[in-house]
């Protein structure tokens with residue numbers, strides 16, 4: 001049976017489906033019995049989703065600043 005520290009170490013592999021069927025099964029079994037690891041897993045997934053949204057938005061957020069810098073350089 002996996003321990004909580006194993007869940008933390010393997011969270012990325014589990015999410016990226018880089019585990020064998022048996023490893024995934026052990027991981028899921030631990031989540032079924034451990035409230036704390038289920039909470040960790042939900043927070044981990046939410047963090048990754050937030051980072052993906054930020055990565056998509058970031059170029060647009062700096063677009064105005066980039067355009068302003070270009071205008072200033074054109075005036076030189």
inquiry  = If I filter the range 22-29 for residues that are surrounded by 13 or more Cβ atoms within 10 Å (Cβ to Cβ), touching a helix residue (DSSP H, G or I) at 6+ places or on another chain (Cβ under 7 Å) and not in a helix (DSSP H, G or I), do I get at least one hit?
reply    = no
ask   = What about residue 17, is it modelled with pLDDT of 80 or more and not in a helix (DSSP H, G or I)?
value = yes
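The values are calculated or read from the model by the stated rules, or taken from the named source; none is laboratory data. Please read all numbers here as calculations on a predicted model, not as lab measurements. A quick note on method: Cβ atoms are made from the backbone with ideal geometry, for glycine too, and the neighbour counts reach across all protein chains shown.
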